[in-house]
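Read through the structure below, which is laid out as C-alpha cells, and then see the notes.
The values are calculated or read from the model by the stated rules, or taken from the named source; none is laboratory data. Quantities reported herein were computed from a predicted structural model and do not represent experimental measurements. We place every Cβ from the backbone using ideal geometry, glycine too, and count neighbours over all the protein chains shown. Just the protein is used for accessible areas: all its heavy atoms, side chains included, with ligands, DNA and RNA removed. Shrake-Rupley method; radii C 1.70, N 1.55, O 1.52, S 1.80 Å.
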Amino acid sequence: MFKVVKRKELAPIEFEIFVEAPRIASKAKPGQFVILRIDEFGERIPLTIVDTDPETGLVRLIFQVIGKSTAQLATVMEGDCLADVVGPLGKPTEIENYGTVMLVGGGVGIAALFPIVKGLKEAGNRVITVLGAKNKELLILTEECRAYSDELILMTDDGSVGQKGLVTQAMEEVFAKESIHTAWAIGPSIMMKFCTMTAQKHQVPIYVSLNPIMIDGTGMCGGCRVTIADNIKFACVDGPEFLGEEVDWDEFISRMQQYRPEELRANEIYEK
Ligand code: FES
C-alpha cells in the first residue's frame, strides 16, 4: 500500500498529492510517469511524476478531475493509502546542455513540464518558460517554474495574470528575439499540435508529451498506440515524449475522444 502523506487543492479541480513510494522516488527521472490504482477495483490512472525526494521517499503527483477515477482520487485524504503505484514508467527526457531552450506548458500539463524545466536548468541551459491557462487560478507552479527559468512568460485566456492570449503568441515573441535550440510543449492535445506548428515555422525541433489512454503501461495491451512518423508506437514504452512534427495529430486527438461517452456515463453513475 502507498500512503498519501500530503494533499492540497492547488486550483479548482486540480490537486497535488505526495505519496510514499521510496523505490520510485530513488529512480525517477524528468519525463517519467507512474500508473496508480486507488483500490483493487480501480481504473489505472497514468500521472506524470512532478518531483521526487529520495531522502523522504516521497513522489509528488498533480492531477485534474476530468472523470470518475480522478474525481475519486480527489477524495483520497492525507493518511489514506493507494492500492498500487507502478513506476517509474516511460523514457526519461533527454536532458543535455543544448544552449537556449523554450518550454511551453498549458493547464495541468504544467505539472508534467516542471521537472523538465528544472532538469534542463540544472544541466546549464538558458531556459525560457511559457505557461498558459484559462485564468490566474488555473495557472499552477508559476513560482517553482520561475525559480528554474531565465525568463518566464505567463499567458491567460482572460488576461487575469500575465498577457491575454495564447501560448503560441508568446512563442512567436520568443522566436523573434532568441535563437532557440530545442523546445518542449506539454498541455492539451490541441495546444501541443499548434505549438508544434509554430515551432516548425521556425525550424525548431519541439518535443511533446502524449497522454493517451493507458492500461498496463508496459507495452503489452496496445491501448496507448500512437502513430509517429508513419509507424505505430506505444506511448508508455516508446514515449511519452515524441517529436511533435512526427505525431499524427488528427488520429491522436480522435482516439482521445473515443471513449468519451463511456467516460461520461461512468462519471454520471459515480456522481449518483
Ligand atoms: Fe498498454 Fe501502453 S498502456 S501498451
Hey, V104 open to solvent by less than 30 Å² (accessible area, probe 1.4 Å) and closer than 26 Å to T198 by Cβ or not: yes
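Here is a yes/no grid of residues against (1) at pLDDT 95 or above; (2) among the acidic types (D, E):
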| site | (1), (2) |
| --- | --- |
| E40 | no, yes |
| L58 | yes, no |
| V65 | no, no |
| T75 | no, no |
| G87 | no, no |
| T93 | yes, no |
| I110 | yes, no |
| I116 | yes, no |
Complete set of residues in segment 120-131 that are open to solvent by less than 10 Å² (accessible area, probe 1.4 Å), of a type outside the set (A, V, I, L, M) and not in a loop (DSSP other than H, G, I, E, B): T129
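From the set of residues in segment 1-34 that are of a type in the set (D, E) and open to solvent by 20 Å² or more (accessible area, probe 1.4 Å), which is modelled with the highest pLDDT?
Of all residues in segment 1-34, those of a type in the set (D, E) come to 9, 14, 16, 20.
From what is left, the residues that are open to solvent by 20 Å² or more (accessible area, probe 1.4 Å) are 9, 20.
Details: E9: 93, E20: 97.
So the residue we want is E20.
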Qualifying residue in segment 244-253 (condition: touching a Pro at 6+ places or on another chain (Cβ under 8 Å) and charged (D, E, K, R)): yes
Tally of residues being assigned to a strand (DSSP E or B) and within 6 Å of the ligand (Cβ to nearest atom) across segment 224-236: 1
Strands (runs of 3 or more DSSP E) contained in segment 144-223 and holding at least 3 residues open to solvent by less than 50 Å² (accessible area, probe 1.4 Å), among the aliphatic types (A, V, I, L, M) and in the same structural domain as V237 (by TED's automatic domain parsing): 151-156, 182-186
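In this structure, is P30 out of contact with any strand residue (DSSP E or B) (no Cβ under 6 Å at 6 or more places or on another chain) and within 20 Å of C236 (Cα to Cα)? Walk me through how you get there before you give the answer.
Working: out of contact with any strand residue (DSSP E or B) (no Cβ under 6 Å at 6 or more places or on another chain): yes; within 20 Å of C236 (Cα to Cα): yes.
Answer is yes for this residue.
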Candidate set from segment 67-88 (those that are closer than 15 Å to M214 by Cα and open to solvent by 20 Å² or more (accessible area, probe 1.4 Å)); member that is farthest from the ligand (Cβ to nearest atom): P88
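Are any of the residues in segment 252-262 modelled with pLDDT of 90 or more and within 16 Å of the ligand (Cβ to nearest atom)?
Within segment 252-262, the subset modelled with pLDDT of 90 or more is 252-253.
Filter again for within 16 Å of the ligand (Cβ to nearest atom), leaving 252.
Yes, the conditions are met somewhere in segment 252-262.
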Filter pass, R60 being over 21 Å from T196 (Cα atoms), part of a strand (DSSP E or B) and among the basic types (K, R): yes
